[in-house]
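Novice: Take a look at this one; I'll ask things after.
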Amino acid sequence: AILLASIHVSQKKVVLTSILRDTYVEPEGVAPCKINAVYAKQGVQGLYRILYEKLGVWPDGYLKVGFDSFETIIDMLGGAEVTLTQEEATYLNTHDYISKKEFRNVTAGTHVLNGNQVLGYCRVRYVPNYKGTKHDFGRTERQRMVIKNLFERYKEAGLTKWIKIAKDALGYIETDISEATLEELIYVAYDGKIITVEQRQLPAKGTYESADKGKVTSTLVVDWEQNKAHFWENLK
């Protein structure tokens, strides 16, 4: 999963933008690939370079979390609220996306799930989510909905609680952002009274085509000019 997060104090919002993993790119110095392979081949700086080349944005920093740490952080927060369809619940209970069998007991409706269950939910792409969104579009939407729901739960928790959550989670996150800078971002979000999380994904609808590109199969070939404009819309 690749998500860009930006804080917009004047508009009182955080914007989460998912970059779909099958997006086709041609990074300098390596063979053409899907964008999720750029990190594996060139690391964070390689990913920064391709985002700057295609979207004109150079991230201020990154936070990386693996599966085990993701579960731990979700459990640390008391779980996350998720809305499941019957199809999703059946799928999760009969496949190994929920890796621990004892937790394959989810039901349709809106519930607070534990870290292992939420991780499974965030990985699913073979059935539509409750909004009817399918494939990787549906999976990335699930990921953003989890973050949005966590924000909604904690946005009234108070500054001290926000900082404690950040400090507790830092031990499970790889980042190049200092603790002091993270605290500053929390102050900015809290004092600016950020009230909503806006969701986006790239490529935007109608700006790509599915195609094989040489040895790179099942890619999303993107109109980057349109997607750059979409990314910056209402952000400046």
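Novice: I'd like to know if the stretch 150-161 contains one or more residues that are in contact (Cβ under 8 Å) with a residue 60 or more places away in the chain, open to solvent by less than 40 Å² (accessible area, probe 1.4 Å) and out of contact with any Leu (no Cβ under 8 Å at 6 or more places or on another chain).
Specialist: Yes, that holds for at least one residue.
Novice: Here is a follow-up. So for the stretch 122-134 (the condition being assigned to a helix (DSSP H, G or I) and at pLDDT 95 or above), does at least one residue qualify?
Specialist: Yes, the stretch 122-134 has at least one match.
Novice: Would you call Asp60 open to solvent by 60 Å² or more (accessible area, probe 1.4 Å), part of a helix (DSSP H, G or I), over 30 Å from Ser210 (Cβ atoms) and not aliphatic (A, V, I, L, M)?
Specialist: Spelling it out, it is not the case that Asp60 is open to solvent by 60 Å² or more (accessible area, probe 1.4 Å), part of a helix (DSSP H, G or I), over 30 Å from Ser210 (Cβ atoms) and not aliphatic (A, V, I, L, M).
Novice: Let me ask something additional. Kindly indicate the residue of the stretch 193-216 that is hydroxyl-bearing (Ser, Thr, Tyr) and assigned to a strand (DSSP E or B) and also most open to solvent (accessible area, probe 1.4 Å) among those meeting that condition.
Specialist: Ser210
Novice: Next up: Enumerate the pairs (first residue in the stretch 76-100 and assigned to a loop (DSSP other than H, G, I, E, B); second residue anywhere and basic (Lys, Arg) and modelled with pLDDT under 95) with beta-carbon separation below 9 Å, excluding pairs fewer than 6 apart on the same chain, so at least 6 apart or on different chains.
Specialist: Within 9 Å, the pairs are Leu77/Arg153; Gly78/Arg153.
Novice: Here's a follow-up. Could you list, in sequence order, the residues of the stretch 175-189 that are open to solvent by 80 Å² or more (accessible area, probe 1.4 Å) and either closer than 18 Å to Glu71 by Cβ or polar (S, T, N, Q) (or both)?
Specialist: Correct list: empty.
Novice: Please give the number of the condition Tyr190 fails out of (1) over 21 Å from the mean Cα position of the chain (by Cα); (2) at pLDDT 90 or above; (3) in a helix (DSSP H, G or I).
Specialist: Result: Tyr190 passes all but (2).
The values are calculated or read from the model by the stated rules, or taken from the named source; none is laboratory data. Owing to the predicted nature of the structure, the values given are computational and were not obtained by experimental measurement. Quick reminder, even Gly has a Cβ in these numbers, built from the backbone with ideal geometry, and neighbours come from all protein chains shown. Note: accessible area is taken over every heavy atom of the protein model, side chains too, but ligands, DNA and RNA are not part of it. Shrake-Rupley method; radii C 1.70, N 1.55, O 1.52, S 1.80 Å.
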